[in-house]
1. If you count, for each residue, the other Cβ atoms within 10 Å and average over each peptide, how do 56-67, 144-155, 18-29, 114-125 line up from highest to lowest?
2. If each of GLU149 and LEU71 carries a label point 7 Å out from its Cα toward its Cβ, how far apart are those two points in nm?
3. Take the Cβ-Cβ distance between GLU94 and PHE39 as r, set R0 to 25 Å, and report the resulting FRET efficiency rounded to the nearest 0.05.
Amino acid sequence: MPPSSYPFMSLCSFENSVSVDLSEPILDGIQSDSVKEVFSVYFFIKCSQWAPTTGSENGISWLELFISYWLLGGRASKSKTNTNVFRQHSRILEEYRSFKRVFLQIIQSCVHPNHRFLFAPARSGQPRLQSYGIRNHLPCIRSSRAMLEQFATQLHRAILSINIPYKEQVIA
């Protein structure tokens, strides 16, 4: 199945995307074991290309962002990494929440104000990943992350492989 036909994908081209301007993270008061986590998420944001959505359209969901980060080797918790992390429900929630918390802190403290709108919440009522069986609303941002077709295929497969009881656990 080509990436353009993936249920969640409207592949964002690199032509319409931008790199965000980021200042260096302020590490005062951050525990030394959290510095690696901060820089890992910081460089994920810095090295990504972001394209704004139009109207009330959903951009990428936080779950897709987290899986993209994870597929690129990012880890957002201090616990040991296991390749089957997406099969361990409590671990995925811990990793997801940590990633989102650090991501939002970096947006607030490091992203240039002219680019912050890219990461504001999208307000579309459409469940973005409904065609994957994820019927509840997952928060999305107002931009999409540009990606190569090969990476889009990996992301698609990762979303298909998730086996989380979404109705029992809130991951927003």
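1. 56-67, 144-155, 114-125, 18-29
2. 1.5
3. E between GLU94 and PHE39, to the nearest 0.05, is 0.80.
Values in this text are rule-based calculations from the coordinates and carry no lab data. Since we're looking at a predicted model, the values are computed, not measured. Glycine gets a Cβ as well: all are built from the backbone with ideal geometry, and neighbour counts include every protein chain shown.
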